[in-house]
Amino acid sequence: MDDLVTEQLAALQRLGWYHSMELPDGSVIPGFQTIAQLRTRIAQFPIPADLRGRRVLDIGAWDGWFSFEMERRGAQVLAVDATPQERFRVARELLGCRVEYRIEDVCHLSPAKIGRFDIVLFFGVLYHLKHPVLALEKVCELSTGMVCVESYVTDDGSDLTAKPVMEFYETNELRGQFDNWVGPNTACLLAMCRSVGFARVHFESVLSNRAHVTCYRHWPELSEPSESAPYLTAVENAATRDRDFSQLRDDYVAMWFKSARTDLTSENVYPQIGPYGTHAVFLQSTGGDGWHLNCKLPPGLEPGWHEATLRTSGSGWANRVRIGVDLPAEERHHRSGRAEAVHLRIATITDGKTWERNLVHTGVGSCISLWVGGLPEDADKSGVTVWLGGDDLLALFLSEADEHGVRQVNAMLPGGAQPGDCTVAVRFGDAVSASAPVKLV
């Protein structure tokens with residue numbers, strides 16, 4: 001340890017309090033951090049002065065200054081720490097505050113235990129954790145609006161385009177403390193915040209190796225669209241290729257859409273699942289006006305049906321597609337083939353390449369594309385089968401319905417498909433379309 005760190009640790013041990021506390025009579029309990037320093041830290045974030053009607057969660061409250069400040073602004077506050085701090089209880093009594101206090105590890109917190117919060121403070125905790133990304137996902141899950149993250153970083157934040165890197169401290173390499181586990185640079189801290197499911201991550205500042213980052217669950221409001229909205233053609237689980245998702249897995253949502261814009265990036269496309277925005281981790285043109293995007297399923301969604309949509313920085317919202325999150329097994333099965341009446345009809349047959357009607361080219365990697373009416377809105381491709389001659393072909397792609405209720409179904413031709421005349425039909429559950437003629441060439 002250098003002389004400065006040794007001096008700071010000695011001052012902390014001598015004072016006992018880390019946060020200074022200003023009491024109602026104007027006297028001050030001196031702490032390692034002065035009132036001015038504490039006010040400077042909280043001022044790095046765009047937290048409103050009036051928090052009446054808001055719930056605030058302070059994770060890693062320690063002596064409690066930030067918790068008490070949030071209550072002073074009118075919020076209902078829950079303070080959480082991993083170990084009990086008697087100074088918190090003393091300060092709460094001296095100040096006459098009503099802040100609720102709980103002892104719990106951040107990775108064990110859940111909405112079921114403590115509810116959700118408009119604002120979450122996550123100050124000086126991240127680098128004390130062995131599993132920082134997991135903790136950030138938990139913090140995201142608990143928030144409905146804004147999360148304020150303050151963490152030790154290894155740089156001064158002057159180059160946000162630097163390669164994201166993080167140091168790991170096996171013992172007491174960082175400031176002589178055994179519970180300091182990681183030291184990200186600022187770029188790494190921002191990348192971790194983006195990766196856990198926030199919509200927006202905004203860098204505020206770095207002061208004395210403390211980075212301040214504001215994370216938002218929602219996209220900015222758009223007063224007046226200046227361009228046409230995108231059109232979603234398909235939405236599915238990026239791994240399982242269906243529309244079933246779980247908050248218990250690290251699930252990602254794959255979206256295919258059309259947009260007239262040619263300059264799209266992950267910074268100007270705004271995916272949204274249910275009430276929450278989520279950052280695009282992958283975006284690629286598929287040719288023409290087509291695009292493919294992947295984003296993390298945002299934490300904190302209730303079990304049930306949620307609408308997936310997106311917009312660009314200048315457009316209104318696209319059409320909405322329902323996906324299932326943690327659905328009961330019987331409901332997932334129900335979606336794959338209903339017992340109620342479904343009337344299927346084949347509108348068009350092509351091979352998806354030449355676009356010649358009722359003509360499909362054979363060969364390696366060949367595909368048949370059908371436009372089918374009558375499929376239920378929430379049907380997914382796992383319940384759709386294409387009958388081609390004597391072969392059952394599983395649907396590899398199922399689009400959203402167009403304005404006529406028609407959906408595109410793609411299936412790979414069997415490797416041994418031979419040229420000639422045959423018939424094709426589509427099955428969903430017990431419903432089967434009428435057969436239609438098709439020529440394989």
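The values are calculated or read from the model by the stated rules, or taken from the named source; none is laboratory data. Predicted model, so just to flag it, every value in this text is computed and none were measured. Using ideal geometry, Cβ is built from the backbone for each residue, glycine included, and neighbour counts are taken over all protein chains shown. For accessibility, only protein heavy atoms count, side chains too; no ligands or nucleic acids. Shrake-Rupley method; radii C 1.70, N 1.55, O 1.52, S 1.80 Å.
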Practice problem: Output the residues belonging to the stretch 378-395 that are farther than 13 Å from Val426 by Cβ and assigned to a helix (DSSP H, G or I). | Solution: Ser382
Practice problem: Can you give me the number of residues within the stretch 292-309 that are farther than 12 Å from Ile273 by Cα and not in a strand (DSSP E or B)? | Solution: 1
Quiz prompt | Checklist (1) touching a Cys at 6+ places or on another chain (Cβ under 7 Å); (2) outside any loop (DSSP other than H, G, I, E, B) applied to Gly352, failing item | solution = (2)
Quiz item: under 26 Å from Gly176 (Cβ atoms), modelled with pLDDT of 95 or more and acidic (Asp, Glu), is that true of Asp81?
Solution: yes
Quiz item: Assuming Asn172 fulfils every condition listed in (1) farther than 25 Å from Tyr252 by Cα; (2) surrounded by 15 or more Cβ atoms within 10 Å (Cβ to Cβ); (3) of a type outside the set (Phe, Trp, Tyr) apart from one, which condition is it?
Solution: (2)
Quiz item: Among the candidates Val147, Val182, Val153, Val165, which residue alone is under 23 Å from Arg54 (Cβ atoms) and either buried (at least 21 other Cβ atoms within 10 Å of the Cβ) or out of contact with any Leu (no Cβ under 7 Å at 6 or more places or on another chain) (or both)?
Solution: Val147
Practice problem: Filter the stretch 210-228 down to the residues that are assigned to a loop (DSSP other than H, G, I, E, B) and touching a Phe, Trp or Tyr at 6+ places or on another chain (Cβ under 6 Å), then identify the one that is least open to solvent (accessible area, probe 1.4 Å). | Solution: Arg217
Quiz item: If you check Ser208 against the conditions, is it within 27 Å of Ala36 (Cα to Cα) and out of contact with any Asp or Glu (no Cβ under 8 Å at 6 or more places or on another chain)?
Solution: yes
Quiz item: Are any residues in the stretch 247-283 among the charged types (D, E, K, R), over 30 Å from Arg116 (Cα atoms) and touching a residue at least 24 places away in the same chain (Cβ under 8 Å), and if so, which ones?
Solution: Lys258, Arg261
Quiz item: Out of the residues in the stretch 409-434 that are closer than 15 Å to Thr350 by Cα and open to solvent by 40 Å² or more (accessible area, probe 1.4 Å), which is nearest to the chain's Cα centre (by Cα)?
Solution: Met412
Quiz item: Quick one: Val235 ticks every box in (1) in contact with a Lys or Arg (Cβ under 8 Å, 6 or more places away or on another chain); (2) of a type in the set (Val, Ile, Thr); (3) modelled with pLDDT of 95 or more bar one, so which box is it?
Solution: (3)
Quiz item: When residues of the stretch 109-127 are filtered for being open to solvent by 20 Å² or more (accessible area, probe 1.4 Å), closer than 26 Å to Gln33 by Cβ and within 19 Å of the chain's Cα centre (by Cα), how many remain?
Solution: 1
Quiz item: List the pairs whose first member sits in the stretch 70-87 and is at positive phi and in a loop (DSSP other than H, G, I, E, B), whose second member is crowded, with 18+ Cβ neighbours inside 10 Å and of a type in the set (D, E, K, R), and whose Cβ atoms are under 9 Å apart, counting only residues at least 6 apart or on separate chains?
Solution: Gly74/Arg54
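Matching residues to (1) buried (at least 22 other Cβ atoms within 10 Å of the Cβ); (2) in contact with a Lys or Arg (Cβ under 7 Å, 6 or more places away or on another chain); (3) without any contact (Cβ under 8 Å) to a residue 60 or more places away in the chain; (4) not hydroxyl-bearing (Ser, Thr, Tyr):
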site: Phe245; (1), (2), (3), (4): yes, no, no, yes
site: Ser285; (1), (2), (3), (4): no, no, yes, no
site: Leu301; (1), (2), (3), (4): no, no, yes, yes
site: Gly304; (1), (2), (3), (4): no, no, yes, yes
site: Ile323; (1), (2), (3), (4): yes, yes, no, yes
Quiz prompt | Pairs, first touching a residue at least 60 places away in the same chain (Cβ under 8 Å) in the stretch 370-390, second of a type in the set (Phe, Trp, Tyr) and crowded, with 18+ Cβ neighbours inside 10 Å, C-beta under 7 Å, six or more apart | solution = Lys381/Phe397
Quiz prompt | Flag for Ala329 being at pLDDT below 90 and of a type in the set (Gly, Ala, Ser) | solution = yes
Quiz item: Hey, any hits in the stretch 195-205 for a residue that's on the phi > 0 side of the Ramachandran plot and among the charged types (D, E, K, R)?
Solution: no
